[in-house]
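Notes follow the structure.
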Amino acid sequence: RTIAVGNASLMSAQGVDTGPLADDTERLAAQGRTPVYVAVDGVLAGVIAVADPVRATSAEAIARLQAMGLDVVMLTGDHQRTADAIARIAGVNHVVANVRPEGKVAEIWRLQSGGRVVAMVGDGINDAPALAQADVGMAIGSGTDVAVDAADIVLMRGDLRGAAQAIDLSRRTMLTMKQNLFWAFIYNVVGIPVAAGVLFPAFGLTLSPVLASAAMAFSSVSVVGNSLRLRRARLA
């Protein structure tokens, strides 16, 4: 016996007519299940429904990302109806279905070409090329080694909320860096001219070496202290 198990594309390549089970396939896909056809000796024998349940925290994670002003897109190789059903459960508005690994890379490239900065979250072998193409690749720590190696960030828990927390932390870190640079420049812009004697001709004011060194020490302490505030940050 020759047995073929796979999607509609495989059945078409094997010359198998999937029409008799079209209604069942659509019904299963609408329930968020992936239809897998089975053919025996070139004749359609049945369809198997495979479901990967959506984590209870996924909808919350998607909502957090959207609240942060991010556009969330789901890239999947699943049937369009299946992908749409999963997207409704998770709260995703944009879905790109029926894509192979190279299709995921092409979609990320399209977004980047439009001026978007793209972060990709994935855990499988099929996600590795897309993780490498994205501006920031985030791999689920419980995923495949290939995905972890291709990513820039590894989320230690298998929870999509970690992606929102990573982005929130990165934004807080960038804000802290900008604050530190601002105050460092202010210290130097004010302190160096005074130390050089720019106020002496008009006001007779000078900056003694003792005060100058104290000001520079305070500048360093303030930068370090401001950075340490990140330890107490409560992430989204």
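The values are calculated or read from the model by the stated rules, or taken from the named source; none is laboratory data. Since the structure is predicted, the reported quantities are computational estimates derived from the model, not experimental observations. For neighbour counting, all protein chains shown are included, and Cβ atoms are generated from backbone atoms with ideal geometry for every residue, glycine included. Keep in mind that these areas ignore ligands, DNA and RNA; they rest on the heavy atoms of the full protein, side chains included. Shrake-Rupley method; radii C 1.70, N 1.55, O 1.52, S 1.80 Å.
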task: Kindly establish whether Ala215 is open to solvent by less than 70 Å² (accessible area, probe 1.4 Å) and in contact with a Gly (Cβ under 6 Å, 6 or more places away or on another chain).
output: yes
Test result for Leu131, assigned to a helix (DSSP H, G or I), within 30 Å of Ala30 (Cα to Cα) and without any contact (Cβ under 8 Å) to a residue 60 or more places away in the chain: yes
message: For the range 48-55, check the following and say yes or no: at least one residue is at pLDDT 90 or above, surrounded by 16 or more Cβ atoms within 10 Å (Cβ to Cβ) and either more than 15 Å from Gly32 (Cα to Cα) or out of contact with any helix residue (DSSP H, G or I) (no Cβ under 6 Å at 6 or more places or on another chain) (or both).
response: no
- prompt: For Ile167, are the conditions met, namely being closer than 21 Å to Gly91 by Cβ and open to solvent by less than 70 Å² (accessible area, probe 1.4 Å)?
  reply: yes
message: I'd like to verify a number: residues in the range 29-59 that are out of contact with any strand residue (DSSP E or B) (no Cβ under 9 Å at 6 or more places or on another chain) and either among the hydroxyl-bearing types (Ser, Thr, Tyr) or outside any loop (DSSP other than H, G, I, E, B) (or both), how many?
response: 5
- line: Per the filter on the range 76-95, residues under 15 Å from Glu60 (Cβ atoms) and out of contact with any strand residue (DSSP E or B) (no Cβ under 6 Å at 6 or more places or on another chain) are Ile89, Ala90, Gly91
task: For Arg81, state whether it is in contact with a helix residue (DSSP H, G or I) (Cβ under 7 Å, 6 or more places away or on another chain), over 29 Å from Ser9 (Cβ atoms) and either of a type in the set (Asp, Glu) or surrounded by 14 or more Cβ atoms within 10 Å (Cβ to Cβ) (or both).
output: no
- line: Contact list, first residue from the range 149-177 and closer than 15 Å to Gly69 by Cβ and in contact (Cβ under 8 Å) with a residue 12 or more places away in the chain, second anywhere and of a type in the set (Val, Ile, Thr) and not in a helix (DSSP H, G or I), beta-carbon distance below 8 Å, six or more apart or interchain, is Ala163/Val121
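Anything in the range 113-123 that is open to solvent by less than 40 Å² (accessible area, probe 1.4 Å) and either over 14 Å from the mean Cα position of the chain (by Cα) or over 23 Å from Val36 (Cα atoms) (or both)? List them, or say none. Break it down into steps so the answer makes sense when it comes.
Taking the range 113-123 as the starting set, the residues that turn out to be open to solvent by less than 40 Å² (accessible area, probe 1.4 Å) are 118, 120, 122.
Listed by number, the residues that qualify are Val118, Met120.
Would you call Thr76 open to solvent by less than 50 Å² (accessible area, probe 1.4 Å) and in contact (Cβ under 8 Å) with a residue 24 or more places away in the chain? Break it down stepwise before answering.
Values: open to solvent by less than 50 Å² (accessible area, probe 1.4 Å): yes; in contact (Cβ under 8 Å) with a residue 24 or more places away in the chain: no.
So Thr76 does not fit the description; no.
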query: If the Cβ limit is 8 Å and pairs must be 6+ apart or interchain, which residue in the range 183-203 that is within 16 Å of Ser213 (Cα to Cα) and open to solvent by less than 60 Å² (accessible area, probe 1.4 Å) pairs with which residue that is modelled with pLDDT of 80 or more and of a type outside the set (A, V, I, L, M, F, W, C)?
result: Ala184/Ser219
query: In the range 85-105, how many are in a helix (DSSP H, G or I), open to solvent by 30 Å² or more (accessible area, probe 1.4 Å) and more than 19 Å from Leu160 (Cα to Cα)?
result: 3
task: Of the conditions (1) at positive phi; (2) in contact with a Leu (Cβ under 8 Å, 6 or more places away or on another chain), Gly115 clears all except one; give me its number.
output: (2)
- request: Considering every residue within the range 106-127, establish whether at least one is closer than 23 Å to Ile48 by Cα and of a type in the set (Ser, Thr, Tyr).
  value: no
